[in-house]
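Here is the structure we will look at.
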Amino acid sequence: MEKSQVELDITVTPADYQLDLENAAVRLSERAAIKGFRPGKAPYDMVKQQLGEIKIIEEAMQEIVEKNFFKAVQEEKIDTIGMPKITIEKIAPGNDFVFKAIVALMPTVKVADLSTIKVKKEGKEITDKDVEDVLNNLKKMQPKEIIKNGVATKEDKVVVDMEMFSEKVPLEGGQAKNHQVYLNEPHYIPGFAEQLIGVKKADLKEFTLKFPKEHYQPHLAGKDVDFKITVHDVYELQYPELDEEFAKTLGQESMDKLKELIKKNLTEEAKHKDDQKAEVEIFEKIVEASQFDEIPEVLIDSEKHKMFHELKHNLEHQGIEMEQYLKDLKKTEEEIYKDFADNADKRVKAALISRQVALENKIKVEQADIDKEVELIKQTYKDDPATLENLNKPEVLNMIATTIQNRKVIVFLKEKVLQE
């Protein structure tokens, strides 16, 4: 075992986890129909009879582990950081629940002298041109589309069926029916829109384009791809005038008020981006100038795991399956985890710096801070029973306290090192 982490063997007796089983049975009866009982109202023995005790134990497992790990750490007075690596050793009805937890010990951190760290904010000024660009984009979102018989110009829209081939083989996912192309906007395939200028209804057109070297699908990056296009229709786009009527369609009483609102929103957005950039730079500079003990491997692994799930969530948000993403990259999950190593190390060190700065400067989280944050979460997730139930767990409240503390540390560091 590394000196930077500790292994705990934790045993929980049936008497100590019985309440967790009862809570789990209630949750199961809310999701599974128990004959003769309303959801969540079936007695424990009835849930046990219909679903089996192992099912109840599996449902309770996370709660048993989290509660007893947190209790063991407090009893042993171990200064830990990050999430533990859990291995279930023994689980059987009526027997002791035994699990092993490997957890990172808090490394010693010597924070850099903050007076030597300087970060300057950019402070982007919003111009009239920025406002005009937004107005033009808003205008483009409200076109009237009128079908035309003539050829397509750069200001038109065309609707096509598209087929893509590489070395005469149809590309997987390279077929699209009724694909809409606005010819005055950059297409995700460079040069594609330009090929459609001059086409008309019922035209057939074939051409070849080279995919960009940085294309997200590595097997197509830099390759020549053949296209077969069938034109369905060409539409002329007529845009509204940027006048008082246009402002009213967007809920503003005049064009001046609309411009004022756009400028305010752009200013706030620029300030937010500038703040985020400055925060990243502050931590990067402090981490670089600080000294750290050996960073526990379990802590780096935990951060890589978190980063993987962030990636998966972002891909799902874009409608991309992780399996397809890995296939396109020609990489395995293990290789992706390895790629995360450097960034995981930086993120862990930033978290350690935040904690140490809070300790050295007596930046504390009051109970009122936690209560306010919990109330906000309750309002936001009032229709999510699982989230509301989690707010009763000490480890979740601890995580909320850490988040609040990090925010306070950021405010403190900005006051110390940020230059306007």
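The values are calculated or read from the model by the stated rules, or taken from the named source; none is laboratory data. Treat the numbers as computed from the prediction; the structure is a model and nothing was measured. All Cβ positions, glycine included, derive from the backbone under ideal geometry; neighbour counts span all protein chains shown.
Please identify the pairs in which a residue from segment 358-387 that is over 15 Å from Lys408 (Cα atoms) has its Cβ atom under 9 Å from the Cβ atom of a residue that is among the basic types (Lys, Arg) and at pLDDT below 95, counting only partners at least 6 apart or on another chain.
Going by the 9 Å Cβ cut-off, the qualifying pairs are Pro385/Arg27; Ala386/Arg27; Thr387/Lys378.
Whether any residue in segment 67-83 is of a type in the set (Val, Ile, Thr), more than 30 Å from Phe412 (Cα to Cα) and surrounded by fewer than 17 Cβ atoms within 10 Å (Cβ to Cβ) is what I want to check.
No, every residue in segment 67-83 fails to be of a type in the set (Val, Ile, Thr), more than 30 Å from Phe412 (Cα to Cα) and surrounded by fewer than 17 Cβ atoms within 10 Å (Cβ to Cβ).
Please work out which one of (1) assigned to a loop (DSSP other than H, G, I, E, B); (2) under 36 Å from the mean Cα position of the chain (by Cα); (3) crowded, with 16+ Cβ neighbours inside 10 Å is the condition Ala221 fails and give its number.
That leaves (3) as the condition not met.
Can you tell which of Met61, Met46 is touching a strand residue (DSSP E or B) at 6+ places or on another chain (Cβ under 8 Å) and without any contact (Cβ under 8 Å) to a residue 40 or more places away in the chain?
Going through Met61, Met46 in turn, just one is touching a strand residue (DSSP E or B) at 6+ places or on another chain (Cβ under 8 Å) and without any contact (Cβ under 8 Å) to a residue 40 or more places away in the chain: Met61.
Just checking, which of Leu171, Leu183, Leu196 is in the same structural domain as His215 (by TED's automatic domain parsing) and either surrounded by fewer than 18 Cβ atoms within 10 Å (Cβ to Cβ) or in contact (Cβ under 8 Å) with a residue 60 or more places away in the chain (or both)?
Exactly one of Leu171, Leu183, Leu196 is in the same structural domain as His215 (by TED's automatic domain parsing) and either surrounded by fewer than 18 Cβ atoms within 10 Å (Cβ to Cβ) or in contact (Cβ under 8 Å) with a residue 60 or more places away in the chain (or both), namely Leu171.
Please go through segment 232-259 and pick out each residue that is surrounded by 13 or more Cβ atoms within 10 Å (Cβ to Cβ) and in a helix (DSSP H, G or I).
Listed by number, the residues that qualify are Glu244, Phe246, Ala247, Lys248, Met255, Lys257, Leu258, Lys259.
Could you pull out the residue among Val103, Val98 that is at pLDDT below 95 and touching a strand residue (DSSP E or B) at 6+ places or on another chain (Cβ under 7 Å)?
The conditions single out Val103.
From the list Gln291, Gln217, exactly one residue is in contact (Cβ under 8 Å) with a residue 24 or more places away in the chain and in contact with a Phe, Trp or Tyr (Cβ under 9 Å, 6 or more places away or on another chain). Which is it?
Gln217
Any idea which residue in segment 388-420 is surrounded by the most Cβ atoms within 10 Å (Cβ to Cβ), counting only those that are within 22 Å of Ser115 (Cα to Cα) and free of Cβ contacts under 8 Å to residues at least 40 places away in the same chain?
In this case the residue turns out to be Arg407.
Considering only residues that are farther than 15 Å from Phe227 by Cβ and either part of a strand (DSSP E or B) or touching a helix residue (DSSP H, G or I) at 6+ places or on another chain (Cβ under 9 Å) (or both), which ones fall in segment 188-216?
Tyr216
Kindly check whether there is at least one residue in segment 8-15 that is of a type in the set (Gly, Ala, Ser), within 30 Å of Thr108 (Cα to Cα) and not assigned by TED's automatic domain parsing to the domain that holds Leu397.
no
Taking Val411 and the conditions (1) β-branched (Val, Ile, Thr); (2) in a helix (DSSP H, G or I); (3) under 21 Å from the mean Cα position of the chain (by Cα), which numbered condition does it fall short on, given that it satisfies the others?
Unmet condition: (3).
Taking the criterion of being closer than 27 Å to His272 by Cβ and hydroxyl-bearing (Ser, Thr, Tyr), would at least one residue in segment 332-341 satisfy it?
no
Of the residues Ala33, Ala42, which is assigned to a loop (DSSP other than H, G, I, E, B), of a type outside the set (D, E, K, R) and in contact with a Ser or Thr (Cβ under 6 Å, 6 or more places away or on another chain)?
Just a single option satisfies the conditions, and that option is Ala42.
Pairs, please: C-beta under 9 Å, at least 6 apart or cross-chain, first residue in the same structural domain as Lys346 (by TED's automatic domain parsing) and touching a residue at least 24 places away in the same chain (Cβ under 8 Å) and in segment 263-288, second small (Gly, Ala, Ser) and exposed (fewer than 14 other Cβ atoms within 10 Å of the Cβ)?
Note: pairs meeting the criteria are Ala270/Gly123; Asp274/Gly123.
For segment 378-398, which residues satisfy the criterion of being of a type outside the set (Asp, Glu), over 28 Å from Lys271 (Cβ atoms) and assigned to a helix (DSSP H, G or I)?
Selection gives Lys378, Pro385, Ala386, Thr387, Leu388, Asn390, Pro394, Val396, Leu397, Asn398.
Run down Lys349, Lys331 and say which single residue is over 20 Å from the mean Cα position of the chain (by Cα) and either assigned to a helix (DSSP H, G or I) or modelled with pLDDT of 90 or more (or both).
Matching residue, one of Lys349, Lys331: Lys349.
Condition first: farther than 30 Å from Ala289 by Cα, surrounded by 14 or more Cβ atoms within 10 Å (Cβ to Cβ) and either hydrophobic (A, V, I, L, M, F, W, C) or out of contact with any Gly (no Cβ under 6 Å at 6 or more places or on another chain) (or both). Can you find one or more residues in segment 347-355 that meet it?
Checking segment 347-355: not a single residue is farther than 30 Å from Ala289 by Cα, surrounded by 14 or more Cβ atoms within 10 Å (Cβ to Cβ) and either hydrophobic (A, V, I, L, M, F, W, C) or out of contact with any Gly (no Cβ under 6 Å at 6 or more places or on another chain) (or both).
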